[in-house]
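Below you'll find the structure, written out as structure tokens, and then a few comments.
The values are calculated or read from the model by the stated rules, or taken from the named source; none is laboratory data. What you see is a predicted model; the values in this text were computed from it and never measured. Methodologically, a virtual Cβ is constructed for each residue, glycine included, from the backbone with ideal geometry; neighbour enumeration extends over all protein chains shown.
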Amino acid sequence: MNFPVSAAVAKRERLWLPRRVLVTKSALGHSHGRAIAERAVGFGLPVEELKSDRLPLALSDDPRRAYAEAKMTLAVTVAPPSKLKLQPIAPSADWRVDLAEGCPAHCNYCYLAGSLKGAPITRAYANLDEIVANLRPYVGEGTVTSRQAARQAEGTTFEASCYTDPLGVEHLTGSLAAMIEHFGQWNADAQLRFTTKFASVDPLLDLQHGRRTRVRFSLNPALYGRFEGGTSPVAARLQAMRRMAEAGYRIGLTIAPIILVEGWEDAYHGLVLDVAAALDGVAADPDLTVELITHRFTEGSRSVLQSWYPGSALDMTSLNRTEKRTKFGAVKHVYDRPTMKEARIFFERGIAEHLPQARILYWT
Ligand code: SF4
């Protein structure tokens, strides 16, 4: 089989190479599942082909070690039927489509801590054919809030990064490339979207994407890098953004999570200038969008994150915070109204001044 990323490149670019790869019996019944297993073998990884669909995780009793072991485990499984009943995901997109679940990075604020249960292993889905075939009935359907005037021209949007960072595992799965090519050839008014904190875009540059995929780079000032273990450096993400724009992709910024600690104005001003410099002189129209997402947490996610990253300097106190109740009844700790107002004005002005071609999709 053809490997878009060699083992040598994976090591040089410090791509994630799990210590353990488990492939369930059902996953082996899918050609994509077998292809992922072959890729893992090609990277020299130990692959266990299971006789059933039960995952023998057997993690350490020590929570720190259990976390580390889980984060170094890739399970190739079949997405359950519930995953094929797509959920609306405003304001990010119309529908959520999952190619994987879990992420190998170690962001101290990771939103997955509040949404995924159990050990933080990464699961890659083997039944890609079914996941792709399942999209069709959702075209033309969408949620009011996500189909704003700012992106009416984009058609029905499918978000692939709700429960994973799909580029962070792409060298192992190839799922994202397959999905991008599907949308590129699909004669439907639809768009694939994903956001990433990784920079390994090489396998995506030459795909027949048909400008039907928007890649958004999730960015924060470089000095916040201490909160984003295992991700690509911000400078590399900016370079990757430029390369994707030059390859004709629609691109975007997901400035997230916006962390408003002392000195944030200078830090984010510098980030916006860095983005402008990275895109300076790009030949193709990048059709740049911006999504602005402030830091938030629930009691549950804070508790999980503090157990995963006990020494983190990330502020999750009540300083400058207020409580916000979601439509599902959960309570989120968000920045208070004056802090939000000041920051929103700051970002909208800065983006208008330094990235005048950009469309801000939402602030939250
Ligand atoms: Fe979570 Fe995204 Fe960081 Fe992965 S890259 S750990 S999904 S915040």
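Out of curiosity, is residue 123 closer than 23 Å to residue 19 by Cα and basic (Lys, Arg)?
yes
Quick one: residue 93 ticks every box in (1) within 30 Å of residue 360 (Cβ to Cβ); (2) in contact with a Ser or Thr (Cβ under 8 Å, 6 or more places away or on another chain); (3) at pLDDT 95 or above; (4) of a type in the set (A, V, I, L, M) except a single one, so which number is it?
Here residue 93 clears every test but (3).
Taking the stretch 45-63, which residues are within 26 Å of residue 10 (Cα to Cα) and modelled with pLDDT under 95?
Passing the criteria: only 57.
Going through the stretch 233-260 one residue at a time, which ones are more than 30 Å from residue 187 (Cα to Cα) and either in contact with a Leu (Cβ under 9 Å, 6 or more places away or on another chain) or more than 14 Å from the ligand (Cβ to nearest atom) (or both)?
234, 235, 237, 238, 239, 255, 256, 258, 259, 260
I want to confirm something. Restricting to the stretch 106-118 and keeping residues that are of a type in the set (Gly, Ala, Ser) and in contact with a strand residue (DSSP E or B) (Cβ under 9 Å, 6 or more places away or on another chain), which single residue is farthest from the ligand (Cβ to nearest atom)?
Once the filter is applied, the top-ranked residue is 114.
Which condition does residue 211 not pass, out of (1) more than 13 Å from the ligand (Cβ to nearest atom); (2) crowded, with 23+ Cβ neighbours inside 10 Å; (3) basic (Lys, Arg), if it passes all the others?
Looking at each condition in turn, residue 211 falls short on (2).
Which of (1) closer than 24 Å to residue 18 by Cβ; (2) surrounded by 12 or more Cβ atoms within 10 Å (Cβ to Cβ) is the odd one out, the single condition residue 65 does not satisfy?
With (1) closer than 24 Å to residue 18 by Cβ; (2) surrounded by 12 or more Cβ atoms within 10 Å (Cβ to Cβ) applied to residue 65, the lone miss is (2).
Listed here are the residues, each with its yes/no results for (1) of a type outside the set (A, V, I, L, M, F, W, C); (2) away from the ligand (no atom under 15 Å from the Cβ); (3) under 16 Å from the mean Cα position of the chain (by Cα).
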| residue | (1), (2), (3) |
| --- | --- |
| 32 | yes, yes, no |
| 58 | no, yes, no |
| 67 | yes, no, no |
| 104 | yes, no, yes |
| 120 | yes, no, yes |
| 129 | yes, yes, no |
